[in-house]
Amino acid sequence: MRIFDPHIHMTSRTTDDYQAMYAAGVRALVEPAFWLGQPRTSPASFFDYFDALLGWEPFRAAQYGIAHHCTIALNPKEANDPRCTPVIDALPRYLVKDNVVAVGEIGYDSMTPAEDTALAAQLQLAADHELPALVHTPHRDKLAGLRRTLDVVRESALPVDRVLIDHLNETTVKEAKDAGSWLGFSVYPDTKMDEDRMVEILRTYGPEKVLVNSAADWGRSDPLKTRLVADAMLAGGFTEDDVDRVLWRNPVAFYGLSGRLQLDVPAPESATHEGNSILRGGA
Amino acid sequence: MNQPTSLTAVRAHLDTALSGAARAWLDQALAEAAAATGHGDEKNPPVWELRFAEAGRRTGQEHADAARVVLLHAARADTGTLARLYAEGTAAERRAVLHALPHLVPGPEGLPLVEDALRTNDTRLVAAAVGPYAAEHLPAHAWRHSVLKCLFTGVPVDAVAELWRRAHGDTELARMLGDFAQERTAAGRPVPDDLQRVLALTAPAPPTVKES
């Protein structure tokens, strides 16, 4: 079984997690830029974080045989802090990088005017850089947040079929599906979705454009939830092809819209240290 | 071995290895780099710098280092530009800047980039840092630590340029290697094969016997 976790914050996870994820079948992931629990107070602190998502973290992932890509953005929560908003001006130099496969996570947290501005500006940046966008839906007042999100997307230059709306649940899936976006579901130990409810949603709405993620981070979460959903799907009568579609082909298709996915990571132990051999005097 | 590969050879290799579309992209990017004047600014970087960033998805990961190095050369990137591209670069871009140093920076001005890479634990950066530029310019203490770092992190010492020339007769390096071997032995861990190889290289040459 091959698994692509389309939303996981590996910066907050240990090497044991990487090992367990590989053993469970995870071969690729996307790490969206988000907040870190502790608020940041300057753009420079974001740049170090973005650089880690484009440097150290892919190196860690590669050591465990996992392809690591990222999405870059100013997250909605910190978009409300004027000390952080200059980050948006620096995003263009990050959005051209090879490993950046979307703009994200953007969206709403408390639905403020500052969040309106940041969301619209970053949807435009996605359109300008020919990237799709990962848009999360707020934890509080979720349905109203989804509707406002869809309105802003419709007014933007980015077509809705290049948008992944994330953290969906039973109350928001239908409107997101009717709008024509990609549908993301985060499966958590306590909150958001669980495995069995996820299977029910797949029964009701089908696997088309559905992506399932662990959204694991520094809070109570589980990086193996993708595999548990796969197992629950098989136990619930879905075929292996359905599982492959939801947990591999759909995320590959969505992030593949960037034209930047590189999924051929060598298996652990065979990673080269040499880079391009021609530059070291070999052909 | 490990002399800087001539850029003519790198270019020739790319010409045969790249697909038609990738080769056309590189030709265009090289023309843009050669025509570039001035440095641009944060909002409007020269277009070749965008090409430098996107080389991986245009040429494929296995050719990206080489494509980026010939681009830097075509743009005649100076030390300031190289330092900025390194600072703002992904790990892959940083690696390409390190590979380009011996071709573009004749003096020791590029050493801060090598030292930065040697402080990381990313073995791909460490391997790129100990190339011909480090062999030429890295001071003795830092160079010895770079060799030790390769042994620690599992970077094959074949990556260290001019290892024989710099290790030859280096009694301080020999001491450091001996201490490291002892530490490993005390811990019941194997001593890396590469350590013995380098240790052998530190021996001074046997005195030349005069023919009678």
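Please list, ordered by first then second residue, the pairs with beta carbon atoms under 8 Å, 6 or more apart or interchain, first in segment B:165-182 and in the same structural domain as B:Cys150 (by TED's automatic domain parsing) and farther than 14 Å from B:Asp194 by Cβ, second of a type in the set (Ser, Thr, Tyr) and assigned to a helix (DSSP H, G or I).
B:His168/B:Thr202; B:Gly169/B:Thr202; B:Asp170/B:Thr202; B:Thr171/B:Thr202; B:Ala174/B:Thr202
Of these, B:Ala31, B:Ala12, which one is surrounded by fewer than 19 Cβ atoms within 10 Å (Cβ to Cβ), among the aliphatic types (A, V, I, L, M) and modelled with pLDDT of 95 or more? Give the steps one after another, and end with the answer.
Values: B:Ala12 fails: modelled with pLDDT of 95 or more.
Criteria check complete, one pass: B:Ala31.
Give the residue that is farthest from A:Arg162 (Cα to Cα), with candidates limited to residues of segment A:88-120 that are touching a Lys or Arg at 6+ places or on another chain (Cβ under 9 Å) and among the β-branched types (Val, Ile, Thr).
A:Val100
Kindly evaluate A:Phe46 against the criterion of being in contact (Cβ under 8 Å) with a residue 40 or more places away in the chain, in contact with a Phe, Trp or Tyr (Cβ under 6 Å, 6 or more places away or on another chain) and either on the phi > 0 side of the Ramachandran plot or assigned to a helix (DSSP H, G or I) (or both).
Details: in contact (Cβ under 8 Å) with a residue 40 or more places away in the chain: yes; in contact with a Phe, Trp or Tyr (Cβ under 6 Å, 6 or more places away or on another chain): no; either on the phi > 0 side of the Ramachandran plot or assigned to a helix (DSSP H, G or I) (or both): yes.
No.
Output the helices (runs of 4 or more DSSP H) that fall wholly within segment A:55-141 and possess 1 or more residues being within 12 Å of chain B (Cβ to nearest Cβ), crowded, with 21+ Cβ neighbours inside 10 Å and in contact (Cβ under 8 Å) with a residue 12 or more places away in the chain, or say none. Outline the logic, then answer.
Details: elements: A:56-63, A:87-95, A:113-128.
Here the list reads A:56-63, A:87-95.
Quick check on segment B:61-73. Is at least one of its residues among the charged types (D, E, K, R), surrounded by fewer than 21 Cβ atoms within 10 Å (Cβ to Cβ) and within 10 Å of another protein chain (Cβ to nearest Cβ)? It would help to see each step written out before you state the result.
Narrowing segment B:61-73 to residues among the charged types (D, E, K, R): B:62, B:65, B:68.
This time we only want the ones that are surrounded by fewer than 21 Cβ atoms within 10 Å (Cβ to Cβ), so: B:62.
From the residues that got through so far, the ones that are within 10 Å of another protein chain (Cβ to nearest Cβ) too are B:62.
Yes, because at least one residue in segment B:61-73 is among the charged types (D, E, K, R), surrounded by fewer than 21 Cβ atoms within 10 Å (Cβ to Cβ) and within 10 Å of another protein chain (Cβ to nearest Cβ).
Go through segment B:32-60 and give me each residue that's more than 10 Å from chain A (Cβ to nearest Cβ) and touching a residue at least 40 places away in the same chain (Cβ under 8 Å).
Residues satisfying the conditions are B:Ala33, B:Ala34, B:His39, B:Thr59.
Does segment B:84-92 include one or more residues that are more than 8 Å from chain A (Cβ to nearest Cβ), acidic (Asp, Glu) and either without any contact (Cβ under 8 Å) to a residue 24 or more places away in the chain or over 20 Å from B:His13 (Cα atoms) (or both)?
Looking for residues that are more than 8 Å from chain A (Cβ to nearest Cβ), acidic (Asp, Glu) and either without any contact (Cβ under 8 Å) to a residue 24 or more places away in the chain or over 20 Å from B:His13 (Cα atoms) (or both), one finds none in segment B:84-92, hence no.
For A:Arg40, indicate whether it is assigned to a helix (DSSP H, G or I) and basic (Lys, Arg). Spell out how you get there, then give the answer.
Numbers: assigned to a helix (DSSP H, G or I): no; basic (Lys, Arg): yes.
Spelling it out, it is not the case that A:Arg40 is assigned to a helix (DSSP H, G or I) and basic (Lys, Arg).
Just wondering, is there one or more residues in segment B:96-108 that are at the interface with chain A (Cβ under 8 Å from one of its Cβ atoms), under 24 Å from A:Phe50 (Cβ atoms) and crowded, with 21+ Cβ neighbours inside 10 Å? Before you say what the answer is, go through the steps one by one.
Residues of segment B:96-108 that are at the interface with chain A (Cβ under 8 Å from one of its Cβ atoms), as a first pass: B:99.
Narrowing the set further to residues that are under 24 Å from A:Phe50 (Cβ atoms) leaves B:99.
Going one step further and asking which of them are crowded, with 21+ Cβ neighbours inside 10 Å, we end up with B:99.
Yes.
Filter segment B:145-169 down to the residues that are among the basic types (Lys, Arg) and crowded, with 21+ Cβ neighbours inside 10 Å and list them by number.
Step one: of segment B:145-169, the residues among the basic types (Lys, Arg) are B:149, B:165-166.
Hit for segment B:145-169 is B:Arg166, nothing else.
Within segment B:135-149, is there a residue that is of a type outside the set (Asp, Glu) and closer than 19 Å to A:Gly55 by Cβ? It would help to see each step written out before you state the result.
Residues of segment B:135-149 of a type outside the set (Asp, Glu): B:135, B:137-149.
With the extra rule that they be closer than 19 Å to A:Gly55 by Cβ, the set shrinks to B:149.
Looking for residues that are of a type outside the set (Asp, Glu) and closer than 19 Å to A:Gly55 by Cβ, one finds at least one in segment B:135-149, hence yes.
The values are calculated or read from the model by the stated rules, or taken from the named source; none is laboratory data. The shown structure was predicted, so the numbers you read here are calculated from the model rather than taken from an experiment. Virtual Cβ from ideal backbone geometry, glycine too; neighbours counted across all protein chains shown.
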